[in-house]
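Just below is one structure, and these are the notes that go with it.
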Amino acid sequence: MRAVDRAVAGFLPYLPKALVGRVANRYIAGETVEDAIRVARDLNSKGFRATMDILGEDIHRLDQAHSAAENYRALLGELHRQKIDSNVSVKLTQLGLKVDKKECLSLADSVVARAQELGNFVRLDMEDSSCTSDTLEIYSDLRRRHANVGVVIQAYLHRTADDVARLIDSKPNFRLCKGVYVEPESIAWHDMRQINRNYLEILERLLRAGIYVGIATHDEHIVQTAQRLIAELKLPPAAYEFQMLLGVTEPLRARIRTAGHPLRVYIPFGRDWYAYSVRRLRENPRLAGYVLKAMLISSS
Ligand code: FDA
């Protein structure tokens with residue numbers, strides 16, 4: 001990240017919410033289910049699958065967790081009714097992971113069971129390292145009862161290769177990503193070359209073992225290496241998919257699809273868009289340009 005981008009990233013929390021919203025709206029479908037469905041329908045018509053994330057994480061009361069689970073069950077019903085090719089991505093802290101783990105498991109089970117009734121699928125997003133063990137534990141528990149659930153693993157964590165070794169016999173369904181949270185060097189690599197190396201080693205191990213992988217990345221080098229591996233292993237499109245975030249590297253997204261690979265777009269939406277937007281903007285290497293442009297537009 002250039003110095004000017006770093007400076008803008010540091011100032012993000014002090015910028016007006018409306019300004020952050022204007023810059024971030026390319027990463028978010030909108031506030032309502034209808035907004036998300038409109039975006040997914042458009043993506044479906046262009047050959048992309050979708051996954052939907054109702055924004056909001058780390059709730060503090062169980063009634064919030066119950067209503068989040070209800071919102072996900074209702075969303076699954078709506079996706080089915082409107083024949084949208086989209087599954088859902090859920091953060092366990094939104095279902096009360098930090099409040100009551102047992103209740104969180106039961107709520108997650110209710111969402112996965114509803115998806116199963118409707119022939120759909122639930123992906124458990126992975127949050128910061130304070131959630132890793134609990135998320136994998138809840139995933140394993142759900143997986144024993146339901147085939148239609150998957151989890152995310154993060155290539156920047158030292159532990160991930162061991163987690164993969166432990167889970168591989170259960171034929172998991174993984175999304176593999178680099179990892180987005182700020183973690184200490186004692187548990188996570190910070191050097192991008194090391195993260196990329198670990199990403200590709202884990203990816204190869206999973207694909208060779210016949211494990212379904214959602215290859216979640218916008219990194220051209222990783223995409224190309226994955227495509228070579230898929231060709232070498234003669235994997236059918238049913239064995240994997242690429243995954244990207246809404247609004248990010250759309251030309252690369254189109255090229256992957258044109259090459260015949262399945263690709264799923266992650267669609268975040270909801271009233272709690274602010275924390276997600278700030279995270280996306282902090283990651284974005286062209287952050288300063290976008291924010292400055294929005295400031296100029298808003299002051300003109
Ligand atoms: P990298 O960060 O190296 O980016 C490669 C290139 O992509 C950049 O050079 C830039 O051009 C472009 N790019 C990346 N991010 C951009 C942005 N925000 N705006 C514009 N351009 C951008 N993490 C996690 O910890 N838990 C999770 O559950 C998930 N879930 C998830 C789902 C999906 C579908 C994706 C694609 C990603 C996640 N992530 C995640 C986030 C992931 O861990 C990671 O932080 C980002 O994908 C960025 O890493 P890349 O692999 O894209 O590479």
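Note on the chain: with charges restricted to the Cβ of Lys and Arg (+1) and Asp and Glu (-1), its dipole about the Cα centre is near 840 debye.
Mean residue ellipticity at 222 nm, helices only, the chain: -16000 deg cm²/dmol; runs of at least 4 DSSP H residues each add -39,500 (n - 2.57), and the sum is divided by the number of residues.
How large a share of the accessible area of segment 31-269, in percent, is made up of carbon and sulfur atoms when the probe is 1.4 Å and the other protein chains stay in place?
Values: 5330 of 10390 Å².
Within segment 31-269, the accessible surface is 51 percent carbon and sulfur.
What does the C-alpha gyration tensor say about the overall shape of the chain? Classify as rounded when a/c is under 1.5, otherwise prolate if a/b is larger than b/c, or oblate.
Details: a/c = 1.31, a/b = 1.13, b/c = 1.16.
Taking the square roots of the gyration eigenvalues as a ≥ b ≥ c, the chain is rounded.
For residue 25 and residue 250, the difference between the fully extended length at 0.36 nm per residue and the C-alpha to C-alpha distance is 79.5 nm. In sequence order, segment 143-152 has phi-based couplings of 5, 5, 9, 9, 7, 9, 9, x, 9, 9 Hz under the Karplus curve 6.51 cos²θ - 1.76 cosθ + 1.60, θ = phi - 60°, and Gly or Pro positions carry x.
Looking at the chain, the accessible area is 47 square angstrom per residue; that uses a 1.4 Å probe and ignores ligands, DNA and RNA. Annotation: amide H-H contacts under 5 Å for residue 152 (H modelled 1.01 Å from N, sequence separation of 5 or more, or interchain): 124, 126, 175. Take every DSSP beta bridge whose two residues both sit in segment 31-269; close to 5 percent of them are antiparallel.
A simple spin-label model places the labels of residue 102 and residue 80 2.9 nm from each other, with each point 7 Å out along Cα-to-Cβ.
Taking all protein chains as they are arranged and a probe of 1.4 Å, the heavy atoms of residue 221 leave approximately 100 Å² accessible to solvent. Less than 15 Å from a label point 7 Å out along the Cα-to-Cβ axis of residue 279: which backbone N atoms in segment 90-112 qualify, by residue? Only 90-98 fall inside the zone, counting backbone N under 15 Å. Pairs of lysine residues in segment 31-269 that meet both criteria, 8 or more places apart or on different chains and Cα atoms under 27 Å apart, total 14. Spin-label model, residue 187/residue 233: points 7 Å from Cα along the beta carbon direction are separated by 2.8 nm.
Between the listed residues 210, 249, 52, the Cα displaced farthest toward the positive end of the dipole of the chain, a dipole computed from Cβ unit charges relative to the Cα centre, is found at 249. Put simply, the amide H of residue 188, placed in the peptide plane, has neighbours under 5 Å in 158, leaving out anything fewer than 5 places away on its chain. Computed from label points 7 Å out along Cα-Cβ, the spacing between residue 145 and residue 7 is 5.4 nm.
Other residues whose C-beta falls under 13 angstrom from the C-beta of residue 101 contribute a net charge of -4, scoring Lys and Arg +1 and Asp and Glu -1. Based on C-alpha pairs under 8 angstrom that are at least 6 apart in sequence, segment 31-269 has a relative contact order of 21 percent.
The values are calculated or read from the model by the stated rules, or taken from the named source; none is laboratory data. Since the structure is predicted, the reported quantities are computational estimates derived from the model, not experimental observations. Quick reminder, even Gly has a Cβ in these numbers, built from the backbone with ideal geometry, and neighbours come from all protein chains shown. Accessible surface areas use protein heavy atoms only, side chains included; no ligands, DNA or RNA. Shrake-Rupley method; radii C 1.70, N 1.55, O 1.52, S 1.80 Å.
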